[in-house]
Structure formats: C-alpha cells, structure tokens
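Each value in this text was obtained by applying a stated rule to the coordinates, not by laboratory testing. In this text the structure is predicted, and so the values were computed from the model without any measurement. Cβ sites come from the backbone with ideal geometry, for glycine too, and all protein chains shown count toward neighbours.
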Amino acid sequence: MTDSTTRPLAAIVLAAGKGTRMKSDTHKVLHPIAGRPMLLHLLAAVGELAPERVVVVTGAGREQVEAAVAPLGIATALQAEQLGTGHAVRQAEAALAGFAGDVLVLYGDVPLVTAATMRRMLDRLRADDAPAAVVLGFRPVDPGAYGRVIADAEGRIDRMVEYKDATEAERAETLCNSGLMAARAENLWSLLARVGNDNAAGEYYLPDIVILASADGHGSAVIETGADEVAGVNSRGELATVEAGWQARRRIEAMRDGVTLVAPDTVWFAHDTVLGRDVTVEPNVVFGPGVRVADGAMIHAFSHLEGAIVGEGAEVGPYARLRPGAVMGAHAKVGNFVEMKKAVLGEGAKASHLTYLGDADVGPGVNIGAGTITCNYDGYLKYRTTIGAGAFIGSNSALVAPVSIGAGAIVGAGSVITGDVDADALALARGRQESRPGWAARFRTMMKAKKAAL
C-alpha cells in the first residue's frame, strides 16, 4: 500500500442545494449541530487531514456560505444551476487548476463524517490495485430511495445505480451510496467531462464516473461505514435526528471518560465541551460552545453554561447561568439564580444565590450576599467592578461600576456603593432607619373610619 502521506490532498465540499425543505432563511449547511454549523463540522474534520486545497461549491444562498468560510481562507466555486452532483463537482475544476493529487468529494449536509473515515477512503484509493475511485457506502435500516452500490465481497464495484433508474433486483440490494467519493485528480476531470444526463432526472450524476472508468477497464472500490456517520440533513426533522444521535454518542463518551451524568438524556453538550475527571452533571444542564470544566466540579440541575471556565472542585447551580467570559476559580461556588458574564470568581469565593456578576474581578475567599448586583452598564459603556480577597458583600447591595472594594472590606447589606472602599473598611450607603411608636395602630384606626364613612 502506498504511504498515505506521499500524495497531496484536495477536498471539494458540495453546498449548492437550495434546502427548501428546511423552510428557513438560513442556508441549510449553516444550521447548527451541537452549537456549530454543519458545514464547519465537516471542514474541521477535513482540516485534520491537512489538505493542500479545499473548495466549497455554492449555489442558492451563496453569500451566507461564502461569509461562513471566508475566515478559514477556503475557496468557493459557484454552481449557478443545480444540474446534478457531477455537474456540481465540475464547478470546482478551475479552483483546483494545476492540482495533482487525490480529491475527496464531500457534502455540506452530511456533516459528521470523521477524519478517520476519510483516511480509510484515501488509503483504499492508494492501495496496490489502484482503484479509479473509492465510494463510501453504508447499509441503512431503510434503504429507501438511496442509490445502490453493487459490489463483490471484496468491495470491488460492479456497478452503481440511482434509485430512480434501478431495477427491482437492484433496489433489493442493501449497500447504499453515501455520495462521498475519493479519486485522483488526473482521472476525475477527464471522467466527469464524459458524464451525460441521459437518465430519469436529466442530471449529471457523479457516480457515473465509476461506470465510465469500468468501461475503460479500470475498476473502483467501495468501503463501508455506519449509517449514523453519513446521515444527511434535508429537513428540520432530520436535523433533530442527527443532533440527537450526536448528543447520545457524546454522553456515552463523557461517561466513559469519567464524568457522572445523573440523567444522561437531559444533558446537552456543544461540539467543544471539555469535562474533566470526576465531574458530576445533574439533570437538565445545557453546555453552549466554549465551556471547560476542571476535575471534580459539580454542575447542579437546570444550569446553562456558555463560553465559561469552571475550576477544579467548583460548584455551579442549580439554576445558574454562566455566560461568555465567566471564570470560576478552584472550589468557587455560584448557586441558584446567579448569573456571571465576563467575570472572574476567585478561588473559594462564593455567590450562593440571586446575584448578577458582570464585568467583575472577584478575589479569592470573597462572600457575596443574596441580591447583590454589579451595575456595569450606563446605557452606553460597560465598566468593571473589582473586589479584593476576603471581602464580604452584604445582601441586596448594588456596586456601581467603575468601583473597587478593597481586600477584607465589608459592605453592609442594602448598600448602594458608588465610590471605592478601602481595604478592611466598613462601607454603609443606605437611608437611616426611623421608628415612630404606635403609628401603625393609629393609621389603621384612621383608615377604617374613613372607609366606613364612604
């Protein structure tokens, strides 16, 4: 077998379909799975193979797709008319001019194909028998209207046929064509140039290159993968199905790696969620993108985390919300109905309930009482609050930023703090309590008489 690192690689990703069944203003391939657009899932897997070139073929909604891939420096090619998969691949020919290597053909709405499977396709292409093309096949529970691959026990393809053009005998075959293919650039373009559209749909089919190569005496091969890996998304229902499958696999992976999920089916991960060993996640927790949780942390029920870092042994929730930029130090705690945003909670610090910490730096060992808020926004600009180590913030306090509370200081409950507080000082900022003996009884007597006179 040829060393798979000796030939350069290019990838063509087809993303020109209109996706009308999604009934959405968002392009089909940009709908998210696990918090990341489908297309970017696929491109991340392709990136693991270090391709020399990648081309995304666009069509309807091209502006959205082009904007999504522009930060990655990926080229695009336009398929102005949707005339079939073979026609779509040909639109990438100019972008790959001068490329001499192997080409993977992938689909933006088949997002979960792994780099490992792509490598298997390339390894088969580079095997000693040098097939003209390698097709990725699968065996779904219901083959339905998928194109069929007719092959022998060693995976040598006899023929491929679209469902619309298949005989009843061919439709009885269970090996289906995922559409994904690998071929050599030197063969791909010459074969595609010969593909015609004399078929039931009047389209130019990519699989026809296998038939043409066979007629030239050059065989092709098929390798198989699981149906889940090549599940396509053409509707909201299929999107939900693929999402559910991804989540189920991720939960199993998390528990295998030492995470306790009390009610696994109720926990939702993002594509990049990182959980350490001995983390416990209670029911109904949602991880948005960008979350890292260190060893031994506890995430209580009904909490939502996104763009947050949770330190070793820290405790979150229940009913807590950590927004982007939230950082909790080791053994820190946020309790029920606490929200953090662009805030750092130092080691061992705690805000146990009913608190908002926004644009704040909270030192180690700080205790923040219930109902405390950092007033960080004046309607135009955001400002930071700094609280020194060991400070105590009494309940129902408002800290009006920019403001600094010194280490060891105490803020009395109910205070509105608008100026800096020195270290170890006591700050009180509330109205003086006044008591009038007997006033309440006299008031009730007066009001009852007034009401009786009406």
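Run the count for the chain, please: Lys pairs, Cα-Cα under 19 angstrom, 8 or more apart or on different chains.
Taking the chain as the scope, the lysine pair count is 8.
Tell me the label-point distance for the pair A429, E154, using the 7 Å Cα-to-Cβ offset, in nm and rounded to one decimal.
8.3 nm
Residues of the range 36-63 with amide nitrogen under 13 Å from the 7 Å Cα-to-Cβ point of A70?
Answer for this model: 62-63.
Need one number: % antiparallel among DSSP beta bridges in the chain, to the nearest 5.
Taking every DSSP beta bridge within the chain, about 20 percent pair in antiparallel fashion.
Mind putting a number on the dipole of the range 325-454 about its Cα centre? Charges go on the C-beta only, +1 for Lys and Arg and -1 for Asp and Glu, and I need it in Debye to the nearest 20.
For this selection, approximately 1120 debye.
I need to check one value: relative contact order of the range 49-150, counting alpha carbon pairs closer than 8 Å and at least 6 residues apart, in percent.
Answer for the range 49-150 is 20 percent.
Provide, as a two-decimal number, the C-alpha radius of gyration of the range 206-301 over 2.2 N^0.38 Å, N being how many residues it has.
Ratio of Cα Rg to 2.2 N^0.38 Å: 1.61.
Suppose we look only past 15 Å in the calculated P(r) of the range 158-199. What percent of the Cα-Cα pairs does that tail hold?
That tail contains 57 percent of the Cα-Cα pairs.
Going by average Cβ neighbours within 10 Å, how do the peptides 38-44, 401-407 rank, with the highest at the top?
38-44, 401-407
So if each residue of separation counts as 0.36 nm, and I subtract the Cα-Cα distance between A407 and A263, what length gain in nm does that give?
Gain in length upon complete extension: 47.7 nm.
What is the calculated FRET efficiency for E173 to D295, with r their C-beta to C-beta distance and R₀ = 45 Å, to the nearest 0.05?
0.35
Let me check I've understood the local charge: for L83, count other residues with C-beta under 14 angstrom from its C-beta, Lys and Arg +1, Asp and Glu -1. What total comes out?
Taking every other residue near L83 into account, the sum is -2.
Any chance you could list P(r) for the range 1-115, counting all Cα-Cα pairs in 5 angstrom bins from zero, rounded to whole %?
Over the range 1-115, the share of Cα pairs per 5 Å bin runs 2, 12, 23, 25, 20, 11, 5, 2, 1, 0 percent.
Could I get the Rg over Rh figure for the chain? Both from C-alpha atoms, Rh via Kirkwood, rounded to two places.
Using Cα coordinates only, the ratio equals 1.18.
T114 to D198: FRET efficiency via 1/(1 + (r/R0)^6), r the Cβ-Cβ distance, R0 30 Å, to the nearest 0.05?
0.25
How high is the relative contact order of the chain, given as a whole-number percent (alpha carbon pairs under 8 Å, six or more residues apart)?
About 8 percent, as a whole number.
Please report Rg over Rh for the range 105-188, where both radii come from the alpha carbon positions and Rh follows the Kirkwood definition.
With Rg and the Kirkwood Rh in hand, the quotient comes to 0.96.
Sorted by packing (mean other beta-carbon atoms within 10 Å per residue), highest first, where do 192-203, 144-155, 300-311, 273-284 land?
Descending packing order for the listed peptides: 300-311, 273-284, 144-155, 192-203.
Expected output is a single nm value to one decimal: the length gained when fully extending between D228 and Y377, i.e. 0.36 nm times separation in residues minus the C-alpha distance. What is it?
Gain in length upon complete extension: 49.0 nm.
Taking a ≥ b ≥ c as the square roots of the Cα gyration tensor eigenvalues, with a/c under 1.5 meaning rounded and otherwise prolate when a/b beats b/c, else oblate, which class fits the range 143-228?
Note, shape of the range 143-228 comes out oblate.
Classify the range 346-399: rounded, prolate or oblate, from the alpha-carbon gyration tensor (a ≥ b ≥ c, eigenvalue square roots; a/c under 1.5 rounded; otherwise prolate if a/b is larger than b/c)?
oblate
I need the semi-axes of the equivalent ellipsoid of the range 401-454: take the C-alpha gyration tensor, multiply each eigenvalue by 5, square-root it, list largest first in whole angstrom.
44, 12, 6
Given N residues in the range 30-175, what is its alpha carbon radius of gyration divided by 2.2 N^0.38 Å?
1.14
Given 0.36 nm per residue, what is the gain on full extension from R277 to S235 after removing their alpha carbon distance, in nm?
Result: 11.4 nm gained on full extension.
Angle, helix 115-125 long axis vs. longest principal axis of the chain, Cα atoms, 0 to 90°, nearest 10?
Helix 115-125 and the main axis of the chain meet at about 10 degrees.
Calculate log10 I(q)/I(0) of the range 317-447 for q = 0.18 Å⁻¹, where I(q) comes from the Debye formula with a single equal point scatterer on each Cα and nothing for solvent.
Once normalised to I(0) and log-transformed, intensities are -0.86.
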